[in-house]
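Once you've had a glance at the structure underneath, I'll fire off some questions.
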Amino acid sequence: MPWYSFTPLGSFPYDVSDPNNYTLVGTNPPICPSPNLHLCAIQVPDNGGKPNFGAAPGIAFQIANALNNNLDTTNVLLRPNLI
């Protein structure tokens with residue numbers, strides 16, 4: 001499954017469920033240094049170069065869980081800076 005870097009547009013608060021706030025990086029996860037405080041990247045099925053949230057119904061929970069616990073998950077990576 002491909003990885004997408006979280007590259008939000010607009011101003012805070014950012015919508016983590018908006019496919020336009022992600023950039024396709026490929027099959028290898030991007031480097032996301034510690035500490036794990038903000039969303040860095042997600043791994044979900046592709047839909048024309050954008051994340052297909054409909055094909056990954058649990059990803060919203062995984063993002064929330066990762067952010068609440070400041071821990072990476074299998075499909076969610078965090079980083080120290082917001083963007």
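A short reminder: the numbers here are calculations on the coordinates, not readings from a lab. Everything numeric here is computed off the predicted structure, so don't read it as measured data.
For residue 64 and residue 11 in the same chain, what is the full-extension length gain: residue separation times 0.36 nm, less their Cα-Cα distance, in nm?
Details: separation 53, 0.36 × 53 = 19.08 nm, distance 1.95 nm.
Gain in length upon complete extension: 17.1 nm.
Take every Cα pair under 8 Å in the chain that's 6+ residues apart, average their separations, divide by the length, and report that relative contact order as a whole percent. Mind dumping the intermediate values first?
Values: 168 pairs, mean separation 28.7, N = 83.
Rounded, it is 35 percent for the chain.
With a ≥ b ≥ c taken as the square roots of the eigenvalues of the C-alpha gyration tensor of the chain, please select rounded if a/c is under 1.5 and otherwise prolate if a/b is larger than b/c or oblate if it is not? Could you put the intermediate results ahead of the total?
Working: a/c = 1.37, a/b = 1.26, b/c = 1.09.
Rounded, because the longest to shortest axis ratio a/c is under 1.5.
Applying the Karplus parametrisation 6.51 cos²θ - 1.76 cosθ + 1.60 with θ = phi - 60° to the phi angles of the stretch 14-26, what ³J(HN,Hα) value in whole Hz is obtained for each residue in order, glycine and proline being reported as x?
Working through the residues one at a time gives 8, 8, 6, 9, 8, x, 6, 8, 10, 10, 5, 10, x Hz.
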